[in-house]
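Below is one structure; the comments refer to it alone.
The values are calculated or read from the model by the stated rules, or taken from the named source; none is laboratory data. Predicted model only: the values in this text are computed from it and were never measured. We place every Cβ from the backbone using ideal geometry, glycine too, and count neighbours over all the protein chains shown.
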Amino acid sequence: MVRITVEMVRKKTEHHECLLGPVEEIALHQENIEKIEYLQDWCPKLKILLMQSNLIGKIENLNKLKHLTYLNLALNNIEVIENLERCESLEKLDLTLNFIGDIVSVENLVDNYNLENLYLTGNPCTDYDNYRDYIIGTLPQLAYLDGKDIERSDRIKALQNLPYIRADILFEQENYLQKRRKQKTRLEKDISNKWENEYKDMDADERNKKFWAEKCEHAPEVRHEIERMRQLKLQSYETEKPQAEEKRQYKFFAPDGRPFNINQARLDFKFIDSEPDKYILDLAVYKHLDTSLIDCDVEPNYVRVMVKGKIFQIHLPKDVDTSHSTVRRSQLTGHLLVTMPIANVVVKKVVHGSPVKTERKAQHYLEHRAEDCHAASGQTKREYLEIGPVDNPLDFTKMTESKVTANYPDLRFKFEVKEPSKDFVDNPEVPPLV
């Protein structure tokens with residue numbers, strides 16, 4: 001038997017921070033609950049109570065819910081409408097697919113003057129002749145019955161014939177109740193005999209096959225038996241279900257202390273080590289993952305990122321400076337960028353001196369280089385620097401001369417001067433051209 005517990009109710013009130021006092025709506029459907037209890041004391045301000053698809057056999061313990069406007073008890077084992085007189089705010093009552101044969105119990109809703117909508121579809125009482133007229137005449141406050149509007153003409157007709165209709169309804173109800181009593185006694189006896197004799201020596205699979213192959217009656221006792229078989233099937237499945245494989249235990253370090261490379265989350269990444277003074281790790285973290293589910297740890301020789309409990313670890317070629325490492329996350333792509341400066345890196349700065357000092361350093365280097373070369377080859381220093389025979393050294397001043405002056409030395413530095421014509425008159429007022 002499943003009972004209503006505080007934990008069950010709190011679980012359904014997460015949007016109220018698990019506080020039961022101010023709760024106005026609770027959904028306890030498909031919980032196999034067999035009895036309504038505690039709700040009126042724990043949640044006195046309830047306005048909507050949804051308890052369909054359970055095994056509830058009686059409407060009870062709801063009389064303190066003064067603010068209740070909607071009660072859904074469809075698909076249960078209810079046989080009588082009762083104990084709702086004090087729910088003065090009740091506007092809608094859903095009792096679809098129950099076992100209500102006592103149709104006269106509808107008269108217990110006469111004082112619920114706010115009740116406008118009633119559902120009784122699928123109950124045995126709906127098979128009675130003049131069922132609809134009897135409900136309409138008994139409950140004048142109704143506006144809808146089984147999802148259909150109640151017209152004024154329907155109400156007038158029902159009220160005119162209500163005494164005769166009620167007499168016929170009572171006769172049909174009594175016949176049904178007699179059949180129901182016999183059915184209940186017979187089913188209880190048959191079910192007990194099955195479990196004590198027939199199902200006793202059967203294994204679970206054989207019993208399930210036999211039970212679901214048999215035809216069954218539509219009765220509250222059968223619904224209880226169906227739920228019992230379902231629970232036994234679940235229990236057998238749990239016992240036969242193979243044990244789940246143990247999760248792999250990841251080791252972070254080798255026996256010699258070297259960090260392992262681990263990518264449990266199977267994330268794409270880029271490790272950039274092309275820069276001389278730092279390492280950069282670009283980890284493709286899920287774009288819509290909350291940053292609170294990411295934990296990054298930078299150590300001198302490795303970096304570890306926990307993404308939603310899954311491990312990403314990579315070994316670093318050189319030690320890094322953890323105090324100056326930075327971690328950033330892109331708001332556009334969600335990628336995680338870890339920048340790690342290499343520890344104890346000396347970067348030589350090029351000092352640009354004056355041209356004279358630079359020339360002297362170059363000349364000093366060439367002299368030392370020349371000494372090393374002619375010492376190895378046996379040549380003199382002069383032979384190495386002058387580049388050519390000693391008797392006829394090259395004259396670098398002639399490198400820019402044209403071929404004409406080189407072939408005809410007499411024309412060198414000779415320019416033709418043009419004399420003015422005989423008719424030329426020098427005007428002193430005209431300024432010179434140059």
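Close contacts from the stretch 18-31, counting a first residue that is assigned by TED's automatic domain parsing to the domain that holds S89 and at positive phi and a second that is part of a loop (DSSP other than H, G, I, E, B) and surrounded by 15 or more Cβ atoms within 10 Å (Cβ to Cβ), with Cβ to Cβ under 7 Å and a gap of 6+ residues or different chains, come to Q30/S53. Of note, L283 satisfies the criterion of being at pLDDT 90 or above, within 28 Å of D256 (Cβ to Cβ) and within 24 Å of the chain's Cα centre (by Cα). Condition test on K233, is it charged (D, E, K, R) and either at positive phi or touching a helix residue (DSSP H, G or I) at 6+ places or on another chain (Cβ under 7 Å) (or both)? Taking the combined requirement at face value, the residue satisfies it.
Does G122 satisfy the condition of being assigned to a loop (DSSP other than H, G, I, E, B) and not β-branched (V, I, T)? If you could, list the steps in order and put the result at the bottom.
On the way: assigned to a loop (DSSP other than H, G, I, E, B): yes; not β-branched (V, I, T): yes.
The answer is yes for G122.
Using the structure shown, decide if S89 is within 30 Å of Q178 (Cα to Cα) and of a type in the set (G, A, S). No, not satisfied. Of all residues in the stretch 300-316, those satisfying the criterion of being of a type outside the set (K, R) and either free of Cβ contacts under 8 Å to residues at least 40 places away in the same chain or crowded, with 16+ Cβ neighbours inside 10 Å (or both) are Y302, V303, V305, M306, V307, G309, F312, Q313, I314, L316. Pick out, from the stretch 1-111, the strands (runs of 3 or more DSSP E) lying fully within it that include 3 or more residues that are within 36 Å of the chain's Cα centre (by Cα) and more than 28 Å from R132 (Cβ to Cβ). Answer list for the stretch 1-111: 25-27.
Rundown of residues vs (1) more than 30 Å from E225 (Cα to Cα); (2) surrounded by 19 or more Cβ atoms within 10 Å (Cβ to Cβ); (3) in contact with a strand residue (DSSP E or B) (Cβ under 7 Å, 6 or more places away or on another chain), yes/no style:
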site	(1), (2), (3)
E88	yes, no, no
T96	no, no, yes
L115	yes, yes, yes
K157	yes, no, no
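Just to be sure, is E34 over 30 Å from E174 (Cα atoms), free of Cβ contacts under 8 Å to residues at least 60 places away in the same chain and of a type in the set (D, E, K, R)? No, not satisfied.
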